[in-house]
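Right, one structure below, let's go through it.
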There are 2 protein chains.
Amino acid sequence: MSARVIDGKSFAAGLRARVATEVAAFKAATGVTPGLAVVLVGEDPASQVYVRNKGRETLAAGMASFEHRMAATTSQEQLLALIASLNTDDTVHGILVQLPLPKHIDEAAVLAAIDPAKDVDGFHVVNAGLLATGGQGLVPCTPLGCLMLLEDTLGDLSGLEAVVIGRSNIVGKPMAQLLLGKSCTVTIAHSRTRDLPSVVRRADIVVAAVGRPEMVKADWIKPGATVIDVGINRVPADEPGKTRLVGDVAYGEVSRVAGAVTPVPGGVGPMTIACLLLNTLTAAQARHG
Amino acid sequence: MSARVIDGKSFAAGLRARVATEVAAFKAATGVTPGLAVVLVGEDPASQVYVRNKGRETLAAGMASFEHRMAATTSQEQLLALIASLNTDDTVHGILVQLPLPKHIDEAAVLAAIDPAKDVDGFHVVNAGLLATGGQGLVPCTPLGCLMLLEDTLGDLSGLEAVVIGRSNIVGKPMAQLLLGKSCTVTIAHSRTRDLPSVVRRADIVVAAVGRPEMVKADWIKPGATVIDVGINRVPADEPGKTRLVGDVAYGEVSRVAGAVTPVPGGVGPMTIACLLLNTLTAAQARHG
């Protein structure tokens, strides 16, 4: 038996199209164009690619894109001053500061300076608190995307056993909150978990977000379980000097046991930018009506 | 074999004594007396007892106690005005609004109005977010007390399997965050959990916070597990017309299987006020030094 492949690339394309349709309706109703400001400090090549993709997708969805590129030598005060001006800029509904920041800048201080109502990454402590207490806030994009793929695959999640591997603030912990909100029985496992394979074997839903290439093996998976792979790890390819991307899940073997599984690439990855667009629209809607 | 009884009453007395010692040192060092303001709206008899006890214990710890009693007809605006004045009052380091509030008052709006730095109940969204992201905030008193009893009983909790039954914002969810912070493998179970007994049987640590009298039975408990009973339920006693207090755990039978268990009363209950005093001291220390 072979697992159903959860096609995140296709689902994300559909989500982006739905966002574009709603953006058009929002613009027609309010006269306001939702705007996303992305701030990039320094020259990190991967970050430059991400920022370029975000800008392109933002425009494609009918929203305004504002890119702020600052030198790697930018001071924390200069960055905070930019954020303060974006916070008060009525054309900006979402603010995203591309991480990582140069080492001389305190990331936590920068994220805390973003208006929570414009915090489309969902990393602000107020949004974390709203998520933790069942309130209405902006939810981190990657776990939000994972949840959408799970609901599209499984329908109602209530009562299912979910195991989240990894307890980061960006993925693992908000993912657990979202699954709890959908009435899963949620376990958070991590590097200190004893006998991780047997913990994962309980799960109807496995979300792997640890950043260790192909760590989750076939014999960790309950037959028929749904497996969401958040990992994106670059490893050496067979051909000398080449690399390839793999997830945290040993896709080949797991796909012979699981009921459904996300590939890497083409699974969770494309959902993150699509959910960023959705969050920008959500922030604009919250502000205008 | 009979479980060790976790004597919360005795532990809480020790904690109150340690707080009193630290309060004396803080006053000597800063000239500042930590102050706790408790706001009671209406005449609920149970709330009056709680408020009186809190005031007495606050004074006994060497701190200042401010009681604000308002009529049941108090408007939300009047209550918010009081909170605004307490927020700016330098003699007040902790603010506690006794719940429940009269139905015409929006509890969420009132709790949101408290300065997070004075939110000694730990219910503000900012404190929930700090707890959820590993930051330094004020932690809800009851789960904080449960954690102290667990660490006193078990020492290092890292790697232990913990099951929290109940997902309230006041106990279950912050309890799960605290246990995760101590590197337990944490499962949150609740009313929608399938086969709750088998989920609970995995646990080295069980925290029951559901408000259902004696729901957790002996055959749910892994032999030797540590059981923390947050429930306080009033049920009919054998003698007609009398009542007695029981927890969410069937204490008699569970104590023949568990390694350690909190009684009701005398377990978690006394820890809550002791942790309220600790939070007030923590808030004063954060402000002065």
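The values are calculated or read from the model by the stated rules, or taken from the named source; none is laboratory data. In this text the structure is predicted, and so the values were computed from the model without any measurement. For neighbour counting, all protein chains shown are included, and Cβ atoms are generated from backbone atoms with ideal geometry for every residue, glycine included.
Points worth noting:
- Residue match in the range B:75-83 (condition: buried (at least 19 other Cβ atoms within 10 Å of the Cβ), in contact (Cβ under 8 Å) with a residue 12 or more places away in the chain and in contact with a Leu (Cβ under 6 Å, 6 or more places away or on another chain)): no
- Put simply, of A:Val41, A:Val19, A:Val5 the only residue that is surrounded by 14 or more Cβ atoms within 10 Å (Cβ to Cβ), at pLDDT 95 or above and either of a type in the set (Asp, Glu) or assigned by TED's automatic domain parsing to the domain that holds A:Pro100 (or both) is A:Val41.
- Any hit, the range B:276-285, residues being in a loop (DSSP other than H, G, I, E, B) and crowded, with 24+ Cβ neighbours inside 10 Å: no
- Residue that is away from chain A (no Cβ under 14 Å), more than 26 Å from A:Ala112 (Cα to Cα) and in a helix (DSSP H, G or I), where the choices are B:Glu57, B:Glu67: B:Glu57
- Condition broken by A:Gly62, with the remaining ones in (1) closer than 22 Å to A:Ala20 by Cβ; (2) touching a strand residue (DSSP E or B) at 6+ places or on another chain (Cβ under 9 Å) satisfied: (2)
- Check on B:Ala108, outside the structural domain of B:Ser65 (by TED's automatic domain parsing) and aliphatic (A, V, I, L, M): no
- The range A:220-237, residues that are within 14 Å of chain B (Cβ to nearest Cβ) and in a helix (DSSP H, G or I): none
Every residue, every condition in (1) within 18 Å of the chain's Cα centre (by Cα); (2) farther than 19 Å from B:Gly134 by Cα; (3) surrounded by fewer than 24 Cβ atoms within 10 Å (Cβ to Cβ); (4) modelled with pLDDT of 95 or more, yes or no:
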site: A:Ala109; (1), (2), (3), (4): no, no, yes, yes
site: A:Lys118; (1), (2), (3), (4): yes, yes, no, yes
site: A:Ala128; (1), (2), (3), (4): yes, no, no, yes
site: A:Leu144; (1), (2), (3), (4): yes, yes, yes, yes
site: A:Gly155; (1), (2), (3), (4): no, yes, yes, yes
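- Of the residues screened, A:Thr91 is not one that is among the β-branched types (Val, Ile, Thr) and over 26 Å from A:Ala64 (Cα atoms).
- Taking the range B:208-267 as the range and being over 27 Å from B:Ala46 (Cβ atoms) and out of contact with any helix residue (DSSP H, G or I) (no Cβ under 9 Å at 6 or more places or on another chain) as the test, the residues that pass are B:Pro223, B:Gly224.
- Residues located in the range A:231-264, provided they are in contact with a strand residue (DSSP E or B) (Cβ under 7 Å, 6 or more places away or on another chain) and in contact (Cβ under 8 Å) with a residue 60 or more places away in the chain: A:Asp248, A:Val254, A:Ser255, A:Ala258, A:Gly259, A:Ala260, A:Val261, A:Thr262, A:Pro263
- Remark: B:Thr88 matches the filter, which requires a residue to be within 22 Å of B:Leu138 (Cα to Cα), loosely packed, with under 15 Cβ neighbours inside 10 Å and not aromatic (Phe, Trp, Tyr).
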